[in-house]
Amino acid sequence: MRLACRGGHGSGATIVAVRIRPPILLALFLALGFLANWLRPLGFLSPRMSAVAGPVLTFGALGLFAWAVRTMRSVGESPPPTVPTKTIVVGGPYRYSRNPIYVAMVSLQAGVGLWANGLWFLALAAIFALIIARRVVAGEEEYLERTLGSEYASYRARVRRWI
């Protein structure tokens, strides 16, 4: 099933056809990490380091996610890519990253991996980031350039894609 994302102001235009929504993809990658870690554990941290670093990164990722969503909603935008974009969000974490929600998702996968002391999670986080960059972000950026023109181009020149 394909999901048409961010139709262009009633024009029916789409930016990207996504086969699966990023949060669902993240859930699948987390499940794969747990399965791989259960079948073939690949620990790489001491128990103490895992118990400290894992929760810090995991809860940091959740905090970043909440901050990004709250910032987006404060200017009348909606996080799901199925809703048309009317403006560029430039406050909050969007001052530092054009994609803080996706940064949070990748960080969550890595944080769970640190907490579970499973190297599989980190490998899957890298694959997840690559899929998001190529299959979602690239299409979103094309859409934003098409619909918001110089406003987005200026923002893109000032703020990094990730961090």
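A few notes on this one:
- From the list S107, S97, the lone residue that is crowded, with 18+ Cβ neighbours inside 10 Å, in contact (Cβ under 8 Å) with a residue 24 or more places away in the chain, of a type in the set (S, T, Y) and not in a helix (DSSP H, G or I) is S97.
- Considering only residues in region 1-23 that are over 18 Å from E141 (Cα atoms) and loosely packed, with under 11 Cβ neighbours inside 10 Å, the one that is modelled with the highest pLDDT turns out to be G10.
- Filtered residues of region 134-163 (kept if in contact with a helix residue (DSSP H, G or I) (Cβ under 8 Å, 6 or more places away or on another chain) and of a type outside the set (D, E, K, R)): V136, V137, L144, Y152, A153, V159, W162, I163
- Only listed residue being more than 23 Å from I24 (Cα to Cα) and not charged (D, E, K, R), chosen from V112, V159: V159
The values are calculated or read from the model by the stated rules, or taken from the named source; none is laboratory data. Keep in mind the model is a prediction, meaning the values are calculated, not measured. Note that we place each Cβ from the backbone using ideal geometry, even for glycine, and neighbour counts take in every protein chain shown.
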